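Novice: Let me begin by handing over the structure; questions about it come next.
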Amino acid sequence: MLALFIAAALFLFFPSLPALLTDWWWFREIGYQIVFTRTLVTKLLLFCVAGGLAAGVLYLNLAIAQRGLVANPILLQVADSAPRLNITVALRRLSIPIALGLGLVSGLAGAAMWDTVLLAIYRTPFGTADPVFHRDVGFYVFTLPALSVALGFLVILTFLSLVLVTLIYAVRGDLAPSPRQVRVEPSAALHIAVLLAALLALWAAQLWLVDSPNLLYSTTGPLVGASYTDLHARLPALRLSAVVALLGAAAVLVGAARGRLAPYALSAVAAYVVVGVIGRGLVPLAMQNFLVAPTELTRETPYLRNHIVATREAWGLDSVEIRDLRGEAGLTLASIRANGPTIENVRLWDRDPLLLTFGQLQEIRTYYDFVSIDDDRYTIGGRYRQVLLSPRELNVRSLPTRTFINEHLTFTHGMGLTMSPVNQVTPEGLPVLFIRDLPPVSDVSLEITRPQIYFGELSNDYVIVKTRQREFDHPSGEQNVYASYAGKGGVPVGGLLRRTVFASRFGSDKILFSQDITRESRVLYYRNVVVRARKALPFLTFDRDPYLVLADDGTLKWILDAYTTSDAYPYSQRLSDGTSYMRNSVKLVIDAYDGTLTAYVSAPSDPVIRTWSRIFPGIFVPLERMPAGLRAHVRYPDEIFRIQTSLYATYHMDSPDDFYHREDQWQIPAVEEQRGQGAVPFMRHLVMRLPEEKRAEYVYMVPFTPRGKDNLAAWMVARNDGPEYGRLRVYRLSRQRLVFGPVQIENRINQNTEISRQLSLWDQRGSRVIRGDLLVIPIEESLLYVQPIYLQAEGGRIPELKRVVVAYENQVVMGETLDAALAAMFGGAAPAATAPQPEPEEAAAPVADTGIRALTAQARRLYDSALVKQRELETQMRRLGETLDRMKGAAPRR
């Protein structure tokens, strides 16, 4: 029987053998063999244990139930001429297929629990106990899920066995109802009694060991976790039900021994059901409605406190630093100048307009794409500068000719990136480019030494490198430059066997027969960095926004933030997907050229990542070993910050009374139309000097307003630089002083007659006015608001920055530049906040007064301006041609 079961399993998995082999080669290539082998071995063991146990138990019970001869078998005849079918014999023949089929299903279900089992085996204590049962939180996160799965599996297996053997005994005539009682043959009665007693005992174990601790996830009261009703009604009822179930199991066995199985069994099951309905259903319902609800706050106060404490611990909100701002000192021109690093890094370019501009000016060829904009900071020329950058990736769907050679052998990689400071603008309203063109040219101290991007956000199809075909590297005027891959990434093609496997895996016989592919060729697959990360570390959850970093050595690296999560933290508030615990425990670095992965542990105190480190030793390294050039660019991840700020809006109230009444609940301000890349309104990266700090730093900032109101209540930052990385700080504003919030400032801008008149005038001329994101910029103990205004010509695709709106308290001004707007707001000369702006073409400086760098920059500006006008002209000519074609088609025929 075991041989048949193993054969069935091999037959099931055989179609996926090419994928399994290529995955093994891939894991070996990246050095993560232990993830593949331990995961696979665990799955196979669980499949065999769960499937073998299920098949064996079911077959054993079926065999016991069908032992001996049947005096009066049931005979079934389909037609008069057909032979009679002995149902008893047929069921005996079906025993093995039924056991194997159910065992196969059980094995597959068991294999899916590989991570739950490994976490339970290698569990690590949290060092924090729950407030009810006083068990370590690690029991709930690691042990309880595995215990629940194991007991649930045994309950289902026992219940199936009981149902099957009862049906078989009924068919054989060993179990027959009579007018006064159910007659059961003694051996059948003993068999059924043992199974029913085992089922009742397993139910008792579930109630005591699983359902009772699960009360800590209850949602009965005004919180997540065990409430007054749960602990004073449901918990005693669960334990009483467990005792009744155990007594019922003993009663069933006694009834079978006395030859009175039916009455004893019915009584045991009835008692269990009655106690469950009354004790676990009616009594808690009555207690909640008539005892707790009238005095809910009084009775739930200690449990609300448990919920608040657990939520703050589970989501990392217990370590938030709190500062109070008096807000007495106002902003002056002197304070603006004193915060020069903050002002010169005000982000005047939004991601969406900048992405359009990059696409029009820097894609160069149609098969290059800019997928997203990344926000970062670099030290450039000795100054701390915030920049926006985007990698130039290859989009094979845009190739002029899509063939196997073009898609997989020739066009294999993207090329370089485009980088722009957040605050500099050319006279034409276009962004200043620090890094541009192909091959990448840098006008600053940053240098790209290896610009090829084989692994990115866009690419995911396989490519084959080191072939006889030349690899396209980049265009150079009317010519193309070719290169050969010199990295260590990829899986060797090897001989005929490997070729056959790759051809089967990727569904292309050209891999098998192409003369361009040699034994030394290498296959690069799983090239999308998010897909690659999830494949390498399937037990982690990854942030949706990977970002590219230019390392000190000029190479390009992707950084992905990975989270450890759990849905089993007791008393903690849950997300819509059930997650109740999260830590940003890993920073995964992927080389854009060779795909090398390095997983740095950024939260070494997290018990979940410590457990995974024990399960897969050797794949995680301490964050201290990350090169300083990369460490300077790590940032607080977006997704966990969104969750934390959303929760903190409520859970900053640590008093149960305040929490229950929601007296001081905050909210993140919202606008009717969100203009960013799916971003939360007003949540932005900034370079600024925090109050009481001495230097400017890179932070992730979000403002809060009171619930239902628009004035500002507080703002939170996640710090990103140096030893302060990962610290959250909240600045609370005085309740005695009104501070305008973002929505109120938006309304004041809309109501400004001069601004409205100018924007309406531009709209009437056929141009499209694009209002950028409203930036909330804390300076000292005050808030400055800045909003860029873009203008997009009719039919054009390049937004140009035309105005900057600045708002402070009840004043709103608009200027051609940020400096001009600040000068108009605070008086005096414009502060030296940004790099000097180049003069327009007509006012170009004489050659004798400029250096080579200035001439080069001026030539670049003129070239960019001409390129913009040329592309807009091409758009207009294309639209004119389309109009003429339509006119020709609509002309009446004679």
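Novice: For the chain, what is the relative contact order in percent, using Cα pairs closer than 8 Å and at least 6 residues apart in sequence?
Specialist: Relative contact order for the chain comes out at 11 percent.
Novice: Please give the Cα centre distance for the stretch 478-556 versus the stretch 693-727, rounded to the nearest Å.
Specialist: For the stretch 478-556 versus the stretch 693-727, the Cα centre distance is 40 Å.
Novice: Share of antiparallel DSSP beta bridges in the stretch 533-635, in percent to the nearest 5?
Specialist: Working: 20 of 23 bridges.
Of all bridge pairs located within the stretch 533-635, approximately 85 percent are antiparallel.
Novice: Tell me which of 820, 666, 50 sits at the most positive position along the dipole axis of the chain, charges placed on C-beta atoms (Lys, Arg +1; Asp, Glu -1).
Specialist: It is 50.
Novice: Using a 1.4 Å probe on the protein chains only, how many percent of the accessible area of the stretch 342-494 belongs to carbon and sulfur?
Specialist: Reported share for carbon and sulfur atoms: 47 percent.
Novice: Which of the GluC sites (Glu not before Pro) found in the stretch 606-663 are in a DSSP loop and have at most 14 neighbouring Cβ atoms, other than their own, within 10 Å?
Specialist: Values: sites: 624, 639, 663; in loops: 663.
Answer by residue number: 663.
Novice: When ligands, DNA and RNA are left out and all protein chains stay put, how many square angstrom of accessible area per residue does the chain have with a 1.4 Å probe? Before the final figure, lay out each step's value.
Specialist: On the way: 40520 Å² over 894 residues.
Heavy-atom SASA per residue in the chain reads 45 Å².
Novice: Please give me, ordered by residue number, the trypsin sites (Lys or Arg not before Pro) of the stretch 713-759 that lie in loop per DSSP and have at most 16 other Cβ atoms within 10 Å.
Specialist: 727, 735, 737
Novice: Using a probe of 1.4 angstrom, how much of the accessible area of the stretch 587-698 is carbon and sulfur, in percent? Write down the numbers at each step before the final one.
Specialist: On the way: 1960 of 4400 Å².
Exposed carbon and sulfur together represent 45 percent of the surface.
Novice: I would also like to ask the following. Determine the distance separating the Cα centre of the stretch 143-159 from the Cα centre of the stretch 560-581; give it in Å without decimals.
Specialist: The stretch 143-159 and the stretch 560-581 have Cα centres spaced 23 Å from each other.
Novice: A further question on this structure: Which of the aspartates and glutamates could a cross-linker span from residue 466 if the Cα-Cα distance has to be under 12 Å and same-chain partners fewer than 8 positions apart are dropped?
Specialist: 516, 520
Novice: If you don't mind, another one. Check every DSSP H run in the chain and write down those whose alpha carbon atoms cover 27 angstrom or more along the long axis and whose mean Kyte-Doolittle hydropathy is -0.5 or greater.
Specialist: 33-65, 87-111, 144-172, 186-205, 235-257
Novice: Percent relative contact order of the stretch 201-270, based on C-alpha pairs within less than 8 angstrom and at least six residues apart?
Specialist: RCO, the stretch 201-270: 27 percent.
Novice: Next question, about the same structure. Which cross-chain or sequence-distant (5 or more) residues have an amide H under 5 Å from the amide H of residue 452, H modelled 1.01 Å from N in plane?
Specialist: Under 5 Å from the amide H of residue 452 lie the amide H atoms of 416, each far enough along the sequence or on another chain.
Novice: Going toward the positive end of the dipole of the chain, with +1 on Lys and Arg Cβ and -1 on Asp and Glu Cβ, which of 477, 293, 276 do you reach last?
Specialist: So the residue furthest toward the plus end is 276.
Novice: Report in % the part of the accessible area of the stretch 294-340 that belongs to carbon and sulfur, leaving out ligands and nucleic acids; probe 1.4 Å.
Specialist: Its accessible area is 50 percent carbon and sulfur atoms.
Novice: Straight-line reach from residue 535: which lysines have a Cα under 17 Å away, not including same-chain ones fewer than 8 places off?
Specialist: Partners within reach: 43, 587.
Novice: A further question follows. Of all trypsin sites (Lys or Arg not before Pro) in the stretch 308-346, which ones are in loop regions per DSSP and have a Cβ with at most 16 other Cβ atoms within 10 Å?
Specialist: 326
Novice: Do the sum for the chain: with -39,500 (n - 2.57) for every DSSP H run of n ≥ 4, divided by all residues, what is the mean residue ellipticity at 222 nm, to the nearest 500 deg cm²/dmol?
Specialist: Only helices count here, giving -13000 deg cm²/dmol.
The values are calculated or read from the model by the stated rules, or taken from the named source; none is laboratory data. Everything numeric here is computed off the predicted structure, so don't read it as measured data. Cβ: placed from backbone, ideal geometry, glycine included. Neighbour counts: every protein chain shown. Note: accessible area is taken over every heavy atom of the protein model, side chains too, but ligands, DNA and RNA are not part of it. Shrake-Rupley method; radii C 1.70, N 1.55, O 1.52, S 1.80 Å.
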